[in-house]
Structure formats: structure tokens, C-alpha cells
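**Q** Pasting a structure here, questions to come.
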Amino acid sequence: MPCCQAEVARQLEAATPSDSAIAALFTIAARRELGSHLTNVVRGLALQAHGYKVTVTELVGWEHSAKNELILGKKAHKYDAAARVQLRAVLDRFGIEPAIIRELASPRSRSRAEPSSV
């Protein structure tokens, strides 16, 4: 999967959360790391939403790299409605719509998997 952490960090720049606790996460210093973590959350939830059992593991210790997660998915069922709801809640709460979500929502992707909403 192409890296979209920088894309999410850029989208966070435009977001204006009403919750002051969430807004504190949007500071310049934290935005890049928040974007990194949100990217992995979105990737995992997108896989779950499309019927995958997800496991997240690190390739090397966190002392060497904070961005070294491996997200594994094994097809378990057609789709997961609860994961779709949770994914949409995360996207809406943080005001992001990364490329992976746009691609999964595209007509080309919808023709391969149902239901169509992500």
C-alpha cells in the first residue's frame, strides 16, 4: 500500500475539531505522528470493513523506528458492517479522507465488493 501518512497529515491541517482534547493533537509537532497513527487505523479498519481479519505487528523494535508496522489481513467473510461504521466515525471525527478510502469507494472498486459505502 502506498504511503499516505503525509496525505493524512496535510488533511489534518485543514481540519478544525470542536473537541479541545482532539484539537490538542493537531499541533504542528503532533500532526505528523497523528497522521501516521490514523493512517494505520484507517488501513486496518478498511481491511476489517471489507471482511479481513487484521493483525498488526512491528517489523523491528520501536526503538529503531516508529513507522515500521506490518498490517496483515486474511479474508474471513464478505464484509463487516460494524467496522464500516467505526471507520466512517474515525474519518468524520478527524476530517480525513485518505486515498485508500477514495479508491475503495470508486466505481471500479465497488464493482468488485459490496456493499458500496465505506
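**Q** I need a count of the residues in segment 12-22 that are part of a helix (DSSP H, G or I) and open to solvent by 40 Å² or more (accessible area, probe 1.4 Å). If you could, list the steps in order and put the result at the bottom.
**A** So the first thing to find is which residues in segment 12-22 are part of a helix (DSSP H, G or I), and the list is 12-14, 20-22.
Next cut, open to solvent by 40 Å² or more (accessible area, probe 1.4 Å) only: 13-14, 20-21.
Qualifying residue count, segment 12-22: 4.
**Q** Condition first: under 23 Å from ARG88 (Cα atoms), surrounded by 13 or more Cβ atoms within 10 Å (Cβ to Cβ) and modelled with pLDDT under 85. Can you find one or more residues in segment 61-75 that meet it?
**A** Looking through segment 61-75, at least one residue is under 23 Å from ARG88 (Cα atoms), surrounded by 13 or more Cβ atoms within 10 Å (Cβ to Cβ) and modelled with pLDDT under 85.
**Q** Give the residues of segment 79-97 that are of a type outside the set (S, T, N, Q), farther than 22 Å from ALA24 by Cβ and surrounded by 12 or more Cβ atoms within 10 Å (Cβ to Cβ), sorted by residue number.
**A** The answer is TYR79, ASP80, ALA83, ARG84, VAL85, LEU87, ARG88, GLU97.
The values are calculated or read from the model by the stated rules, or taken from the named source; none is laboratory data. None of the values given here were measured: they were computed from a predicted structure. All Cβ positions, even for glycine, are placed from backbone atoms using ideal geometry, and neighbour counts span all protein chains on display. Areas reflect the complete protein model, heavy atoms only, side chains present, ligands, DNA and RNA absent. Shrake-Rupley method; radii C 1.70, N 1.55, O 1.52, S 1.80 Å.
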